[in-house]
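Here the structure comes first, spelled out in structure tokens, and everything after it is commentary.
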Amino acid sequence: MIISIASGKGGTGKTTVATNLALSISNVQLLDCDVEEPNAHIFIKPRIKEKRPVFIPVPQVDKEKCNGCGRCKEVCAYNAIAVLSAKGRSASGRGSDVLVFADLCHGCGSCAYFCPQKAINEVDKEIGFVETGSKDDLEFIHGKLNIGQAMSPPLIRAVKKYINPARINIIDAPPGTSCPVIESIKGSNFCLLVTEPTPFGLNDLILAVETLRKLKIPFGVAVNRSDLGDNKTEEYCSKENIPILMRIPFKKEIASSYSQGIPMVEALPEYRKDFQEMFNRIESGRFR
Ligand code: SF4
Ligand code: SF4
């Protein structure tokens with residue numbers, strides 16, 4: 001089973017929910033796909049066993065073979081390749097320049113595939129790494145983008161390769177509703193949206209709900225700091241028939257343990273049963 005934990009905006013407590021859920025149930029692995037800023041390891045404190053670099057193939061153009069036809073530019077959906085015609089270019093096209101913007105390249109391979117001259121070779125570019133480890137029975141995987149890299153989806157895919165169908169896989173997704181989030185949550189059996197009862201929280205929750213409905217992934221909501229803010233999130237969920245599976249109150253002890261990197265269920269073990277109950281509802285489909 002794959003349960004992703006997402007949120008329309010950052011800072012709502014997504015990692016708190018992901019890590020504490022993972023620590024409250026058995027036969028689980030936690031995959032931190034928030035590769036731009038992974039922080040689940042701060043709370044899990046896994047013993048890292050392996051670190052692997054992750055590469056994407058970026059194009060390298062053989063100017064001798066290239067005739068400047070521009071097909072590569074046409075097929076690139078990411079504007080990562082440009083074809084400039086130089087003055088005095090010959091009829092063969094030689095003398096034109098093909099520029100590759102490696103930081104925009106997604107490594108999709110389309111340009112090399114469609115180049116009629118077979119003038120494009122692919123070279124590996126390192127974008128980050130995946131680390132795997134464990135804490136007791138919990139398997140832990142996370143990815144981290146190298147500084148200056150912007151291409152998180154290929155690294156997220158590298159993390160998700162470790163999904164083990166024999167285990168409960170909990171995915172800590174990046175915040176927001178953009179490509180990295182979609183890459184993280186697609187294929188999930190259930191997505192838990194973590195929000196907070198504020199106007200900003202509600203606004204971003206609505207966007208996240210629209211995304212999940214388009215992806216046709218079953219979902220529910222966990223409200224963090226549920227006793228602060230207003231009642232509009234509860235009213236919205238009720239009106240939209242969205243199940244609220246957990247409410248985490250604002251408590252000094254929870255904030256204090258978070259600031260020290262101590263998981264909530266270790267500092268306040270009475271919450272473990274709440275996470276277990278939420279998991280049982282998700283697993284059994286009793287979330288409606
Ligand atoms: S598709 Fe190939 S031949 Fe055409 S401009 Fe691009 S690299 Fe050159
Ligand atoms: S590999 Fe894909 S993303 Fe990269 S330049 Fe070629 S077509 Fe564009």
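Readers should treat all values here as calculations from the given coordinates under stated rules, not as data from a laboratory. Values in this document were obtained by computation on a predicted structure and should not be read as measured data. Cβ coordinates were reconstructed from backbone atoms using ideal geometry, including for glycine residues, and neighbour counts include every protein chain displayed.
Can you tell me the relative contact order of region 142-267? Whole percent, Cα pairs under 8 Å, sequence separation 6 or more.
18 percent.
Under the definition of Cα pairs under 8 Å and six or more residues apart, what whole-number percent is the relative contact order of the chain?
After rounding, I find 27 percent.
Over region 55-186, what relative contact order in percent results from Cα pairs under 8 Å that are six or more residues apart? Can you show the working numbers first?
Values: 216 pairs, mean separation 30.8, N = 132.
Relative contact order for region 55-186 comes out at 23 percent.
Protection proxy ranking for 114-126, 136-148, using the average of other Cβ atoms within 10 Å per residue and placing the highest first: 136-148, 114-126. With the convex hull drawn over the C-alpha atoms of the chain, the volume per residue is 144 Å³. Among beta bridges identified by DSSP and lying wholly in the chain, the antiparallel ones come to about 50 percent.
Partners of Lys118 within straight-line reach, counting aspartates and glutamates whose Cα lies under 14 Å from its Cα and excluding those fewer than 8 residues away in the same chain: Asp62, Glu64. Multiplying the residue separation of Glu266 and Glu37 by 0.36 nm and subtracting their alpha-carbon distance yields 80.1 nm. Other residues lying with their Cβ under 11 Å from the Cβ of Asp34 contribute a combined charge of -2, Lys and Arg counting +1, Asp and Glu -1. Applying 0.36 nm per residue to the separation of Phe250 and Glu283 and subtracting their alpha-carbon distance, the gain on full extension is 9.2 nm.
Using all pairs of distinct alpha-carbon atoms, the Kirkwood hydrodynamic radius of region 111-207 works out to 16.3 angstrom. The alpha carbon centroids of region 209-288 and region 1-68 are separated by 21 Å.
Close lysine pairs were tallied over region 143-288: pairs 8 or more places apart or on different chains with Cα atoms under 30 Å apart number 29.
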